[in-house]
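To start, the structure under review is shown below, and the notes come after it.
The values are calculated or read from the model by the stated rules, or taken from the named source; none is laboratory data. Remember, predicted model here, so these are calculated numbers, not experimental data. Counting neighbours? That spans all protein chains shown, and the Cβs are built from the backbone with ideal geometry, glycine included.
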Amino acid sequence: MDDIKAKEELEFIKKIIEDSRKDIVYNGMDYIFWGLIVAIGMIINYFMEILRYRFMHFFWIWVIIIAIGWTFSIFTYFVKGKKERKKTFSNKIVGSVWGACGIAMTICGFIGTLTNAINHNYISPTLCTIVGVGYYITGVIFENKWIKYFSFGWWIGSLIMYFYPGDYTMLLMAFMMICFQVIPGFIFYIESKKQVASIQ
């Protein structure tokens, strides 16, 4: 009986992993969208800081950017997602992981800044550290080493920012968003196209 139960549990885990590999492809657009808007926000933030040109306060720029991002994610996950894919256990885990990371980053970015609990020089490395956690857990769930390795890129970048703070960290984070967020998103998107083509 124990052998049968163990086999059933292994089959269940295998199914979760297989479902996860299908689900991550769908998430490609979220990676691309968030990566691009945050990178653009960081670049705007950087040039406003070094040029001392402030057509709007930094805080409100980020309120707009993050609101756009959350609106996109909520729409794609809860509205469009329900129509295009079935709800799997793995999908719930990954969605919960990134949802929790997103909430944590929003709290650190806004509340941490408003209360002066986090110095503005250390907002970027703090956010990068959280993103690294999301990538690491995602890589473990999918049993995909290259996804997991992206987390080390985020953590190494955050260490550089912690030890050498300054305005340049905004450009560094924008660069990391392109390399470790947007590019993976395009990889997922290309894989989704291949998967759809193989089914048809």
Please work out if T113 is touching a His at 6+ places or on another chain (Cβ under 8 Å), in a helix (DSSP H, G or I) and under 22 Å from I40 (Cβ atoms). yes
Pick from T76, T88, T71: which is polar (S, T, N, Q), farther than 21 Å from T126 by Cα and at pLDDT below 70? T88
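Would you check if G109 is surrounded by fewer than 21 Cβ atoms within 10 Å (Cβ to Cβ) and under 28 Å from W60 (Cβ atoms)?
Working: surrounded by fewer than 21 Cβ atoms within 10 Å (Cβ to Cβ): yes; under 28 Å from W60 (Cβ atoms): yes.
Judged against the criteria, G109 is a match.
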Would a scan of segment 126-134 turn up a residue that is farther than 23 Å from N91 by Cα, touching a Pro at 6+ places or on another chain (Cβ under 9 Å) and among the polar types (S, T, N, Q)? no
Do you know which of the residues in segment 26-46 that are at pLDDT below 90 and within 14 Å of the chain's Cα centre (by Cα) is farthest from M177 (Cα to Cα)? Y26
